[in-house]
1. Can you tell me which residue is nearest to V57 (Cα to Cα) among those in the stretch 11-30 that are loosely packed, with under 12 Cβ neighbours inside 10 Å and among the β-branched types (V, I, T)?
2. Do you know which residues across the stretch 7-22 are within 19 Å of L65 (Cα to Cα) and in contact (Cβ under 8 Å) with a residue 40 or more places away in the chain?
3. Conditions first: (1) under 20 Å from S12 (Cβ atoms); (2) modelled with pLDDT under 95; (3) in a loop (DSSP other than H, G, I, E, B). E86 passes all but one, so which condition is the exception?
4. Given A4, A43, which one is within 13 Å of A76 (Cα to Cα) and free of Cβ contacts under 8 Å to residues at least 40 places away in the same chain?
5. For residues that are assigned to a loop (DSSP other than H, G, I, E, B), among the polar types (S, T, N, Q) and over 13 Å from the mean Cα position of the chain (by Cα), scanning just the stretch 31-79, find the one that is surrounded by the most Cβ atoms within 10 Å (Cβ to Cβ).
6. Could you tell me which numbered condition L25 fails, if it satisfies all but one of (1) of a type outside the set (D, E, K, R); (2) part of a strand (DSSP E or B); (3) free of Cβ contacts under 8 Å to residues at least 12 places away in the same chain?
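The values are calculated or read from the model by the stated rules, or taken from the named source; none is laboratory data. These figures come from a predicted structure and were not determined experimentally. All Cβ positions, even for glycine, are placed from backbone atoms using ideal geometry, and neighbour counts span all protein chains on display.
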Amino acid sequence: MIIAKVIGMVVSTRKEEDLRGFKLLIVQPLTPEGKERGEPLVAVDTVGAGIGEKVVVALGSPARLAVDNPEAPVDASIVGIIDSLELGK
(Lines give C-alpha, C1' and ligand atoms only; values in the text may rest on other atoms or scores of the structure.)
Protein backbone atom coordinates (compact mmCIF):
# COMPACT_ATOMS: atom_id res chain seq x y z
CA MET A 1 0.00 0.00 0.00
CA ILE A 2 1.04 3.58 -0.55
CA ILE A 3 0.09 7.02 0.72
CA ALA A 4 -1.19 9.40 -1.95
CA LYS A 5 -3.09 12.64 -2.45
CA VAL A 6 -6.16 12.84 -4.70
CA ILE A 7 -5.38 15.45 -7.37
CA GLY A 8 -8.12 14.90 -9.93
CA MET A 9 -10.80 12.69 -11.37
CA VAL A 10 -11.39 10.76 -14.57
CA VAL A 11 -14.79 11.07 -16.24
CA SER A 12 -15.63 8.02 -18.31
CA THR A 13 -18.99 7.59 -20.02
CA ARG A 14 -18.09 4.02 -20.96
CA LYS A 15 -16.04 1.62 -18.88
CA GLU A 16 -15.61 -2.04 -18.05
CA GLU A 17 -18.74 -3.56 -16.49
CA ASP A 18 -16.83 -4.48 -13.32
CA LEU A 19 -16.00 -0.79 -12.77
CA ARG A 20 -19.53 0.59 -13.02
CA GLY A 21 -20.56 2.42 -9.88
CA PHE A 22 -17.00 3.34 -8.95
CA LYS A 23 -15.33 6.76 -9.35
CA LEU A 24 -11.92 6.85 -10.97
CA LEU A 25 -9.58 9.32 -9.26
CA ILE A 26 -6.08 10.53 -10.10
CA VAL A 27 -3.72 10.17 -7.15
CA GLN A 28 -0.19 11.47 -6.62
CA PRO A 29 1.96 9.08 -4.53
CA LEU A 30 3.60 10.71 -1.51
CA THR A 31 6.46 9.92 0.85
CA PRO A 32 5.45 9.49 4.52
CA GLU A 33 6.69 13.08 5.00
CA GLY A 34 4.19 14.31 2.38
CA LYS A 35 6.56 14.96 -0.55
CA GLU A 36 5.50 13.91 -4.06
CA ARG A 37 7.18 10.81 -5.45
CA GLY A 38 6.74 9.06 -8.76
CA GLU A 39 4.08 9.63 -11.37
CA PRO A 40 0.35 10.12 -10.73
CA LEU A 41 -1.89 7.11 -11.32
CA VAL A 42 -5.58 6.33 -11.69
CA ALA A 43 -7.21 4.49 -8.78
CA VAL A 44 -10.70 3.12 -8.22
CA ASP A 45 -12.36 4.91 -5.29
CA THR A 46 -13.99 2.45 -2.87
CA VAL A 47 -14.39 4.85 0.08
CA GLY A 48 -15.79 8.14 -1.25
CA ALA A 49 -12.57 10.16 -1.31
CA GLY A 50 -12.42 13.70 -2.70
CA ILE A 51 -9.91 15.96 -4.37
CA GLY A 52 -7.27 17.23 -1.94
CA GLU A 53 -7.59 14.34 0.52
CA LYS A 54 -4.71 12.09 1.51
CA VAL A 55 -5.57 8.44 1.00
CA VAL A 56 -4.26 4.90 1.34
CA VAL A 57 -4.00 3.09 -1.99
CA ALA A 58 -3.77 -0.68 -2.42
CA LEU A 59 -1.84 -1.86 -5.47
CA GLY A 60 -1.85 -5.08 -7.50
CA SER A 61 -3.97 -8.09 -6.51
CA PRO A 62 -5.13 -6.54 -3.21
CA ALA A 63 -6.60 -3.65 -5.23
CA ARG A 64 -8.94 -6.07 -7.01
CA LEU A 65 -10.08 -7.50 -3.71
CA ALA A 66 -11.18 -4.01 -2.63
CA VAL A 67 -13.79 -4.01 -5.41
CA ASP A 68 -14.95 -7.54 -4.39
CA ASN A 69 -13.94 -9.00 -7.74
CA PRO A 70 -10.59 -10.75 -8.20
CA GLU A 71 -11.13 -10.66 -11.99
CA ALA A 72 -11.74 -6.89 -12.23
CA PRO A 73 -9.24 -4.88 -14.35
CA VAL A 74 -7.97 -2.92 -11.34
CA ASP A 75 -4.39 -2.42 -10.18
CA ALA A 76 -4.94 0.54 -7.80
CA SER A 77 -7.80 1.07 -5.32
CA ILE A 78 -8.32 3.77 -2.72
CA VAL A 79 -9.05 1.83 0.46
CA GLY A 80 -8.84 4.53 3.14
CA ILE A 81 -8.95 8.26 3.79
CA ILE A 82 -6.16 9.51 6.07
CA ASP A 83 -7.30 11.73 8.93
CA SER A 84 -3.85 12.12 10.44
CA LEU A 85 -0.40 10.65 10.06
CA GLU A 86 2.19 10.35 12.82
CA LEU A 87 5.79 9.37 12.19
CA GLY A 88 8.13 8.16 14.91
CA LYS A 89 11.66 9.60 15.02
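1. V11
2. Taking the stretch 7-22 first, the residues within 19 Å of L65 (Cα to Cα) are 15-22.
Scanning the stretch 7-22 gives E16, D18, L19, F22.
3. Only one criterion in (1) under 20 Å from S12 (Cβ atoms); (2) modelled with pLDDT under 95; (3) in a loop (DSSP other than H, G, I, E, B) is unmet by E86, namely (1).
4. Details: A4 fails: free of Cβ contacts under 8 Å to residues at least 40 places away in the same chain.
Of the residues listed, the single one that is within 13 Å of A76 (Cα to Cα) and free of Cβ contacts under 8 Å to residues at least 40 places away in the same chain is A43.
5. Applying the first criterion (assigned to a loop (DSSP other than H, G, I, E, B)) to the stretch 31-79 yields 31-35, 37-40, 46-53, 60, 67-75.
Cutting the leftovers down to among the polar types (S, T, N, Q) gives us 31, 46, 69.
This time we only want the ones that are over 13 Å from the mean Cα position of the chain (by Cα), so: 31, 69.
Details: T31: 11, N69: 13.
The residue in question is N69.
6. (3)
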